[in-house]
Amino acid sequence: MSEIVSASQALVPEPHKAPDSELVLCRYCDLLQQLPPLQDGEEASCQRCGHELDARQRESALRPILYALSALFMLLLTNLFPFVGMDAAGSHRDMNFLDTSAVLLDEDHPWLAVLVWLFIQAIPCFCMLAIIYLKLGMYIRLPALVQMARLLYMLKPWSMVDIFLMGLIVSFVKLLSHFDISLGMSFWAFCLFCLLHLRTFQVVDRHELWSRIAPAPQPVAGKVAGQTGLSQQLKVCSCCTALVPFDEPRCSRCGTKVRQRIPDSIQRTLALLVTATILYIPANFLPMMETVSLGESIHSTIISGIILMWQDEAYPVAIVVLLASVVIPILKIAVMFWLCYLTTLPLSERSQHGTWIYPVVDWIGRWSMVDVLVVAILAALVRFDALVGVYPGMGTFVFACVVIITMLAAMSFDPRLLWDPSPSEQMETERD
Ligand SMILES: [Zn+2]
Ligand SMILES: [Zn+2]
């Protein structure tokens, strides 16, 4: 367990001029504060909103390389051997890992095939390669480190191997009542790949990574810890966490366009939320998948799929799908609307719970993708001639859009607005 050192310990009670090298701006609440010197294994959290500012990892250069290499090796094994075997009515079928995308492509669902391939193969593989490249860049001179780090943090939320693993478990439970399933070598390699992939990201120290690639610009002359960035004409780079003065449009370290606040954040978030809400209605009525069994075809929607699993006594899986496809999307949309509403209230009447709820909602939203991946897996796996098969329905496409749009809505929401004066309060101060 890492020890938590509050940044407030490093602050003297009165605002003071901090030494040049250690000022950081919280990305979640916009408070400028001094970073205490950290030992390996320690982390510093924001004194106002509690969000992590920086964490030191033990032996942080070598470990991520080893984890990432092992993860890539496991991904290679995953692609080499049979993934799952299935027996039904005297015939046997082996599925390889790549079949999840290949079958969908053959069946004229290129959008689903590309999404699945990106989420479970291309992006996770790129992230591991990028981490190795960046960490090697600490020892030897390599080109384009900045661009690589930018791309890594942009793509990270779209790597969905953990969600795919959950999708696999749900699919297997669904299938077990009808077929004999045998897990291949590749399945176990994939489980290890998931664990190593998660661990690699855990041991990469973002703050340290960036400071090794390029020194942080420190426009801190005369800036005071304990006050907001807004009041001191400072903004924070969303990509590399460097401090940027208001009058500079781009971060001098990574070149990312930096704004004081995400422009039209609330309007954009609301527009995306309304779109997601409207699309969520057909997503519930259109069939998620069509199951063909001996010439008989059954269309199932999200809800009818859950009811079917409940009747089959697969309770845990029914609950997982209910959470992922119904509870989480509705809750996420409702909470995001509430957060937008909070920003219009005067500061004194605002609930501060929004500050911790936002990162949770942002993180949990990806898990709604489970049902889409389950359909992709079932479509790849259940294919015995023309007699027995599972085919993705239009509902899967619409529901995938809902999940992606709610993820974009969370990304376009600026959590710092929860700490800023409301628009009416700003107008009052401008009038004074
Ligand atoms: Zn904060
Ligand atoms: Zn930057």
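The values are calculated or read from the model by the stated rules, or taken from the named source; none is laboratory data. Fair warning: this is a prediction, and the values are worked out from it, not measured in the lab. Virtual Cβ from ideal backbone geometry, glycine too; neighbours counted across all protein chains shown. Heavy atoms of the whole protein, side chains included, go into the accessibility calculation; ligands, DNA and RNA do not. Shrake-Rupley method; radii C 1.70, N 1.55, O 1.52, S 1.80 Å.
Structural remarks
- Scope the stretch 175-218; condition among the hydroxyl-bearing types (Ser, Thr, Tyr) and in contact (Cβ under 8 Å) with a residue 12 or more places away in the chain; matching residues: 177, 182, 186, 200
- Residues that are open to solvent by 10 Å² or more (accessible area, probe 1.4 Å) and in a helix (DSSP H, G or I), drawn from the stretch 413-432: 415, 416, 417, 423, 424, 425, 426, 427, 428, 429, 430, 431
- A single entry from 355, 396 fulfils the requirement of being open to solvent by less than 30 Å² (accessible area, probe 1.4 Å), in a helix (DSSP H, G or I) and within 16 Å of ligand 1 (Cβ to nearest atom): 355.
- Test for residue 29: is it farther than 21 Å from residue 215 by Cα, open to solvent by less than 10 Å² (accessible area, probe 1.4 Å) and in contact with a Leu (Cβ under 8 Å, 6 or more places away or on another chain): yes
- The set of residues from the stretch 234-254 being out of contact with any Ser or Thr (no Cβ under 7 Å at 6 or more places or on another chain), within 16 Å of ligand 1 (Cβ to nearest atom) and assigned to a loop (DSSP other than H, G, I, E, B) comprises just one member, 241.
- Residue match in the stretch 206-217 (condition: open to solvent by 30 Å² or more (accessible area, probe 1.4 Å) and among the β-branched types (Val, Ile, Thr)): yes
- Residue 314 vs. criteria modelled with pLDDT of 90 or more, small (Gly, Ala, Ser) and in the same structural domain as residue 382 (by TED's automatic domain parsing): no
- Any pair with Cβ under 9 angstrom, 6 or more apart, that starts in the stretch 234-248 at a residue that is under 12 Å from residue 153 (Cα atoms) and open to solvent by less than 10 Å² (accessible area, probe 1.4 Å) and ends at one that is more than 13 Å from ligand 2 (Cβ to nearest atom) and not aliphatic (A, V, I, L, M): none
- Given (1) basic (Lys, Arg); (2) under 30 Å from residue 206 (Cβ atoms); (3) touching a Phe, Trp or Tyr at 6+ places or on another chain (Cβ under 7 Å), number of the condition residue 141 does not satisfy: (3)
- From 116, 84, residue being in contact with a strand residue (DSSP E or B) (Cβ under 8 Å, 6 or more places away or on another chain) and touching a residue at least 40 places away in the same chain (Cβ under 8 Å): 84
- Residues that are outside the structural domain of residue 202 (by TED's automatic domain parsing), touching a Phe, Trp or Tyr at 6+ places or on another chain (Cβ under 7 Å) and outside any helix (DSSP H, G or I) do occur in the stretch 51-61, at least one of them.
- If you go through the stretch 153-163 and keep only what is within 23 Å of residue 409 (Cβ to Cβ) and either open to solvent by less than 10 Å² (accessible area, probe 1.4 Å) or of a type outside the set (A, V, I, L, M, F, W, C) (or both), you end up with 153, 156, 157, 159, 160, 162, 163.
- Checking each residue in the stretch 275-286 for being open to solvent by 40 Å² or more (accessible area, probe 1.4 Å) and either over 21 Å from the mean Cα position of the chain (by Cα) or aromatic (Phe, Trp, Tyr) (or both) picks out 278, 279, 281, 282, 285, 286.
- Any hit, the stretch 92-99, residues being open to solvent by 30 Å² or more (accessible area, probe 1.4 Å), out of contact with any Gly (no Cβ under 8 Å at 6 or more places or on another chain) and at pLDDT 90 or above: no
- For the stretch 124-144, filtering for residues that are open to solvent by less than 20 Å² (accessible area, probe 1.4 Å) and without any contact (Cβ under 8 Å) to a residue 60 or more places away in the chain leaves 1.
- From the list 252, 231, the one residue that fits, being touching a Pro at 6+ places or on another chain (Cβ under 6 Å), over 30 Å from residue 176 (Cα atoms) and open to solvent by 10 Å² or more (accessible area, probe 1.4 Å), is 252.
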